Structures are given as C-alpha cells and as structure tokens.
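What follows is a set of notes on a single structure, which appears directly below.
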Amino acid sequence: MSYGRGFEGSRLEMTKGMSRAEIAKLFRGDIKAATARGDLPKGLKVSVRTQEYSGGGSINVRVTAVPAGFGVLNLPRVYADFCTPHVYSDRPMYSAQAAALLKKLDAMLQAYNFDDSDTMTDYFHVRFYGHAEFDSDVTSAERAALKAAFDAGQMSDPGEQSYLDYREEVERLSELKDDPASEQAVQAQVAAKALGATKAPRATPQQPQVTTYLPPGQMMRPDASTTVVTNIEAVGEYEAQLIAAGFI
C-alpha cells in the first residue's frame, strides 16, 4: 500500500476529533482482534506508544516479541553477512513473513491517518507520524543465535530467492481479512466517546462549612499562634463526595 498526498485512511472520517492517544487505544484493540481472527500470529507482543512534540506527534509501533519459530531475519542476507562481513549486500533484511507482518501493522495503523504531504516542496502534513518496526532486542537475539550456529558449522547456505519471488511472497502474506466486527467495535467506541462529550457536566459537591475555634480572649489574626480546629468529619465526607464524582 502506498501513502502520499491525498491519502485518507478508511477509518479517518469516523475518528475525526479523536486524539492520538485515543487512536492508539483503538489500534491496540485492532491488534487483539487481528490476532483472534488469525491475521496476526499468536504470541506476538506489540508496544504502541504515542509521542507529542512541537508541530505534531507520532504513534510508534514496536514488535517486542514473536512466537517461537517465527524467523525475523532473512537467512540469505544473514548468511552472506557472516561469510563476507565487509561486503555490502542489497538483500532484504527481514524474512518475507517478517516484512509481511510489518506491512500488516502499518496498514492497520494508517487506516486512521491522512497524508497531504508534498516531498517535492518539503511540505509535510499528516495526522500522525510513525510506523511499525522490530525492537532491536528481537533482531539482535536472533542474529546472535544464527551466528553461534554459523560458527559451529551448523548453518548451511540457505540458497537465493529472487527479489520478485520475495516481493510476491510478502504481498501474499500481508493480505488482511475483512473484519466487520472490528469495524463495528471502532464505531461503537467512537459513538461512546461522542455520547460522553454530550453528557451534562458533573455537579460539584457542596463544600462543608468549616468552623474555626480560638482560645478564649484571643482575637482573630493570621499569625502562627492562632489555633484552628476544623470539622474533620465534614471535610472527610466532602472529600469522599469529590472522589465519587471523579474530581480527585
């Protein structure tokens, strides 16, 4: 899927007015739904974090764990790097299934985005920045295991795959199923947010009257010697009302 000037995600219109934090929450729900229906592998762990800064913000998606047996690195590339570590390789870094996983996550995330940027004039205008990537701990751990196997003579040449075959495999593996239930879940959350915005403002509990007692013969003056005793029970009840109403 290509993004660029004029791009509008399929869920942009229904989520207009929502913050990036709220979009990130919806996206986490999308990941759970995609895992349940088999679009994403079980055992996958994904971190979704928002970042706000001057001029915009981002939704950062990082794969922090993959299920056992899920190869992230492209074996022909890794094998070539081990054999000729000082020679540049243009082979893809990730395996086809790993590249397809990132493409799926990106497609799911960009459904909430728009892009009216024009790189020819250095003009950038998006709802949010960000993309899916693998955490460095994931790739480092797999590379270390493969290097140990290579050094022990247990890694053989995996052979070459044409770039065209690789791209076709990525495209095939990155197809997402239609999921009306997920779409309805997003619509329900958007509707719930809109309903919450129209609710009447919460009434502030009435602050109790505080009684001040002074020693006999002492005039009211704001100095350190003034003894003030409040109605503790009334104040405690007032605080309980504030907590129940959600003010504190």
Highest average packing first - 128-137, 9-18, Cβ atoms within 10 Å: 128-137, 9-18
Amide H contacts of G57 (H built 1.01 Å from N, under 5 Å, at least 5 apart or other chain): Y129
5 angstrom amide H check on L73, placed H, neighbours 5+ away: S95
For A132, residues with placed amide H under 5 Å, excluding near neighbours: D106
Karplus-derived HN-Hα couplings along region 125-136 (A = 6.51, B = -1.76, C = 1.60, θ = phi - 60°), whole Hz, x at Gly and Pro: 8, 9, 6, 7, 9, x, 7, 8, 8, 8, 5, 4
Sites T119 and A191 - FRET efficiency at Förster radius 35 Å, r taken between beta-carbons, to 0.05: 0.45
When each of K103/K177; K25/K103; K45/K177; K104/K147; K25/K177 is checked by Cα-Cα distance, pairs over 18 Å: K25/K103; K45/K177; K104/K147; K25/K177
Sites F150 and T35, calculated FRET efficiency, Cβ-Cβ separation with R0 30 Å, nearest 0.05: 0.35
Label-point separation, F82 to A21 (7 Å along Cα→Cβ), nm: 4.7 nm
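Every number in this text was worked out from the coordinates using simple rules, so none of it is lab data. Since the model is a prediction, treat every value here as computed from it, not as a measurement. Counting neighbours? That spans all protein chains shown, and the Cβs are built from the backbone with ideal geometry, glycine included.
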